[in-house]
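First up is the structure itself, then whatever we jot down about it.
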């Protein structure tokens, strides 16, 4: 039996917050582990790992569990945003990773970390962004394809087809 067919022991432990097992699932699906923090709340008496604690908790735009920001991840957020205020920690793209060297109570347990390097997020171009949209249309007219545009930005297949249809007629 390969490791891919085995069940990780952490999967049975029900957690309301993001943990290593969750990131492993995303990695198995091929995710880049880049997510967008929608906002951070300071919560008093939050239930985390069966205990009530006061914590800063990050909520994401994507449909994933919230992340409890320990001191290390909070310090990383401060560096990424340039602000010590959690109200400024919103709409921030972050890349998460598993750090197998995280210690808790002197024991190495591993944990979820926020990368101190801001992820490169490609611009999503839609007709609502008239200048960028015009550049995409001009690139298609010039090149006959979207290759150069898609190397730097995201244009949905539907919007690509819209440009092709408009240019063809």
Next on the checklist: Looking at the range 111-139 only, could you name the residues that are touching a residue at least 24 places away in the same chain (Cβ under 8 Å) and over 22 Å from residue 79 (Cα atoms)?
Outcome noted: 123, 124, 125, 126, 127, 136, 137
Checklist outcome for this item: Within the range 140-155, of all residues that are in contact (Cβ under 8 Å) with a residue 24 or more places away in the chain and exposed (fewer than 15 other Cβ atoms within 10 Å of the Cβ), the one farthest from residue 126 (Cα to Cα) is 141
Checklist entry - So residue 76 fits all but one of (1) closer than 19 Å to residue 87 by Cβ; (2) in contact (Cβ under 8 Å) with a residue 60 or more places away in the chain; what number is the exception? => result (2)
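Quick one: is residue 132 crowded, with 18+ Cβ neighbours inside 10 Å and over 20 Å from the mean Cα position of the chain (by Cα)?
no
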Checklist entry - Is one or more of the residues making up the range 73-85 closer than 30 Å to residue 6 by Cβ and touching a strand residue (DSSP E or B) at 6+ places or on another chain (Cβ under 8 Å)? => result yes
Next on the checklist: With the requirement that a residue be modelled with pLDDT of 85 or more and more than 22 Å from residue 33 (Cβ to Cβ), what does the range 99-135 give you?
Outcome noted: 106, 107, 125, 126, 127, 128, 131, 132, 133, 134, 135
Checklist entry - In this structure, is residue 125 under 30 Å from residue 149 (Cβ atoms), touching a strand residue (DSSP E or B) at 6+ places or on another chain (Cβ under 6 Å) and buried (at least 17 other Cβ atoms within 10 Å of the Cβ)? => result yes
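Could you tell me how many of the residues in the range 84-116 are assigned to a strand (DSSP E or B) and loosely packed, with under 10 Cβ neighbours inside 10 Å?
Selection size over the range 84-116: 1.
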Checklist entry - Just one of the numbered conditions (1) in a loop (DSSP other than H, G, I, E, B); (2) modelled with pLDDT of 90 or more is not true of residue 142; which one? => result (1)
Next on the checklist: Tally up the residues in the range 66-83 that are part of a loop (DSSP other than H, G, I, E, B) and within 24 Å of residue 27 (Cβ to Cβ), please.
Outcome noted: 2
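The values are calculated or read from the model by the stated rules, or taken from the named source; none is laboratory data. In this text, all values refer to a predicted model and were calculated from it rather than measured experimentally. Please note: Cβ atoms are built from the backbone with ideal geometry, for glycine as well, and neighbour counts cover all protein chains shown.
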